[in-house]
Every structure is written in structure tokens, then in C-alpha cells.
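K.L.:
I have a structure I would like to understand better, so I am pasting it below and will then ask my questions one at a time.
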Amino acid sequence: MLEIRGLRVAYGHIEALHGIDLDAREGEITAIIGSNGAGKTSTLMAISGLAPIKGGEIKFEGKLISGLPAHAIMRLGITHILEGRQLFSDQSVEDNLLLGGYSRLSADKAAVRAAMEREMDRFPILRRRRRQLAGTLSGGEQQMVAISRGLMSEPKFLLMDEPSMGLAPLIVKEIANTIRGLRDSGRSILLVEQMAAVALSLADRAYVLESGRVSLQGTGRELARDPEVKRAYLGG
Ligand SMILES: Nc1ncnc2c1ncn2[C@@H]1O[C@H](COP(=O)(O)OP(=O)(O)OP(=O)(O)O)[C@@H](O)[C@H]1O
Ligand SMILES: [Mg+2]
């Protein structure tokens, strides 16, 4: 579904990605793990049209998307749930969700309503907190809003950047179950995680990024058993 070949991203003359190849298949969870600064966020940003691409190409459903503006990429059905949630903290839960539906559904008020109800069924806590300002929610609740906001536009392909960041283990589990459920209902997902154990347990296929290069790839299970991955990312 997504094919990345020789992707280079550079900020000024600092190159963050030195030519990476990555494939994400339809209906699968593809995970990228790697340490701080490895280039995980830059990869997602390049896909969604938010990072400066200096070489290589990205195809989505066979169509070249590298070079397209972010809004055009989003309209093709790719949604990016940014690192650190990035909610509008002084707006309500409901308004944050509405903003997610804005791009693809805004002409159709009934569709936006239906999408909002669907998301509040997914995370019932959001229904109880619909009028609460997003900035006053707990970290876990904020991540739920970020995921739901991303799903409002009914994307085919979801980019998720560190959804478990800063969350308690129980909430991480709940978010992981949500991600698995999205895959099981046919959604395709590219998941970036520093919590390698979580990512590899979810991933159909996974990549290890090290200093802007893919150092290893395989199924989630293969990488979880790999001695090097165990040593470097799974705490022995
Ligand atoms: N806007 C920017 N301007 C300059 N350099 C940047 C910018 N964004 C990222 N970088 C650099 O690019 C490299 C890769 O950063 P990136 O954010 O992609 O890493 P990451 O794997 O997501 O890290 P983390 O796990 O900390 O989120 C880093 O060296 C970073 O300093
Ligand atoms: Mg990052």
C-alpha cells in the first residue's frame, strides 16, 4: 500500500534520513522502532508531506505522493496522529473531534455527527467529557482524543507517532488493544514507538531505524526474538 524507496530527509544541511526503504501492506500494522533521534518522526512527517524530502520517493496505492502538499496527501486517505498528541488544548473534546472531520466530511453534517458518535462509542470516556477542554484531560484521555480526531476523517492509512508516550502501563495496554482492533477491522497502520515491546507485539512487520538508516527488518515476532533487538531495545 505504501512504498518508500531511497528516502532522504534533511533539515538544512543536517540529513536525518540517509535513504530508507520501507513497505507497509494493506490491512497490516507496520512498526518502526528506534532510539531518540533515529528518524522515526521524520519518516512519518515525510509521508504526510510535513518534512523536507531531499531524495527518493514515496508511493501510496501506486501513486507518487512525495512532493505533494500535506492537504493533498490527507485527501488521499492518509492521516497523521502527531507525536505528543498536539490537541487544541483550549477547545473542547467535541471541537477537537470536529476539526478532525473537517477535511473530508465537512460538507456532510450528518456524516460528521455519525463519525463523532462512532468515536465516542470507541472511547466512552470521551462522551462523558465532550465539553471538557482538551488541555485539562489526563494523558490517556488526550491520546484517545488524538486517535479519534485522526479517525474522524475515516482514513485508509493511519500514521501514529508514539501513541504510548508518557502513559501508565494500563492505558498503554488499552491503546494497544485499540490499535489492534483498528487493524482487525481492516485499517492499515504505520506505528512509531519507542516502547519496542509494545510495538513488536502489535506489528505484522517491523523496521529498526538507527541514525537515519534501516538496520533490521522482519516480522514483529522475528524482531522480538532477534538477539540484537533484545539487547538494544527490549532491555536484555
Ligand atoms: N525541524 C527540524 N530541524 C532540524 N533538525 C531536525 C528537525 N526535526 C528533526 N531533526 C533532527 O533529525 C533527526 C531525527 O529526528 P526525528 O524527530 O525524526 O527522530 P525520532 O526517531 O522521532 O526521535 P524521538 O524518538 O526522540 O522522537 C534528529 O537528529 C533531529 O535532531
Ligand atoms: Mg519522534
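K.L.:
Quick one: which helices (runs of 4 or more DSSP H) sit completely within the stretch 67-161 and have at least 1 residues that are assigned by TED's automatic domain parsing to the domain that holds residue 57 and either touching a Cys at 6+ places or on another chain (Cβ under 6 Å) or surrounded by fewer than 19 Cβ atoms within 10 Å (Cβ to Cβ) (or both)? Give the steps one after another, and end with the answer.
P.N.:
Details: elements: 70-75, 93-105, 109-122, 124-128, 139-151.
Correct list: 70-75.
K.L.:
What do you reckon, is residue 65 among the β-branched types (Val, Ile, Thr), within 16 Å of ligand 1 (Cβ to nearest atom) and in contact with a helix residue (DSSP H, G or I) (Cβ under 7 Å, 6 or more places away or on another chain)?
P.N.:
No.
K.L.:
Quick one: which residue in 229, 172 is over 21 Å from residue 121 (Cα atoms) and assigned to a helix (DSSP H, G or I)?
P.N.:
Numbers: 172 fails: over 21 Å from residue 121 (Cα atoms).
After applying the criteria, what remains is 229.
K.L.:
Within the stretch 67-87, is even one residue over 15 Å from the mean Cα position of the chain (by Cα) and either within 16 Å of ligand 2 (Cβ to nearest atom) or farther than 30 Å from residue 119 by Cβ (or both)?
P.N.:
Yes, the conditions are met somewhere in the stretch 67-87.
K.L.:
Take the stretch 49-65 and flag every residue that is surrounded by fewer than 20 Cβ atoms within 10 Å (Cβ to Cβ) and under 13 Å from residue 159 (Cα atoms).
P.N.:
Within the stretch 49-65, 50 is the sole residue that qualifies.
K.L.:
Provide a single number: the residues in the stretch 30-51 that are over 12 Å from residue 192 (Cα atoms) and part of a loop (DSSP other than H, G, I, E, B). If you could, list the steps in order and put the result at the bottom.
P.N.:
Restricting attention to the stretch 30-51, the residues satisfying the condition of being over 12 Å from residue 192 (Cα atoms) are 37, 46-51.
Next, from what is left, pick out any that are part of a loop (DSSP other than H, G, I, E, B): 37, 48-51.
Here the count works out to 5.
K.L.:
Oh, and also: Given the condition touching a Leu at 6+ places or on another chain (Cβ under 7 Å), closer than 25 Å to residue 96 by Cβ and in a loop (DSSP other than H, G, I, E, B), answer yes or no: does some residue in the stretch 175-182 qualify?
P.N.:
no
K.L.:
For the stretch 191-226, which residues satisfy the criterion of being among the aliphatic types (A, V, I, L, M), out of contact with any Phe, Trp or Tyr (no Cβ under 7 Å at 6 or more places or on another chain) and either outside the structural domain of residue 8 (by TED's automatic domain parsing) or part of a strand (DSSP E or B) (or both)?
P.N.:
If the condition is that a residue be among the aliphatic types (A, V, I, L, M), out of contact with any Phe, Trp or Tyr (no Cβ under 7 Å at 6 or more places or on another chain) and either outside the structural domain of residue 8 (by TED's automatic domain parsing) or part of a strand (DSSP E or B) (or both), then 191, 192, 206, 208, 209, 216 are the ones that fit.
K.L.:
Looking for whichever is within 16 Å of ligand 1 (Cβ to nearest atom), touching a residue at least 60 places away in the same chain (Cβ under 8 Å) and of a type in the set (S, T, N, Q) here; the options are 79, 30. Which one fits?
P.N.:
Numbers: 79 fails: within 16 Å of ligand 1 (Cβ to nearest atom).
Exactly one of 79, 30 is within 16 Å of ligand 1 (Cβ to nearest atom), touching a residue at least 60 places away in the same chain (Cβ under 8 Å) and of a type in the set (S, T, N, Q), namely 30.
The values are calculated or read from the model by the stated rules, or taken from the named source; none is laboratory data. Not measured: the values here are computed from a predicted model. Cβ coordinates were reconstructed from backbone atoms using ideal geometry, including for glycine residues, and neighbour counts include every protein chain displayed.
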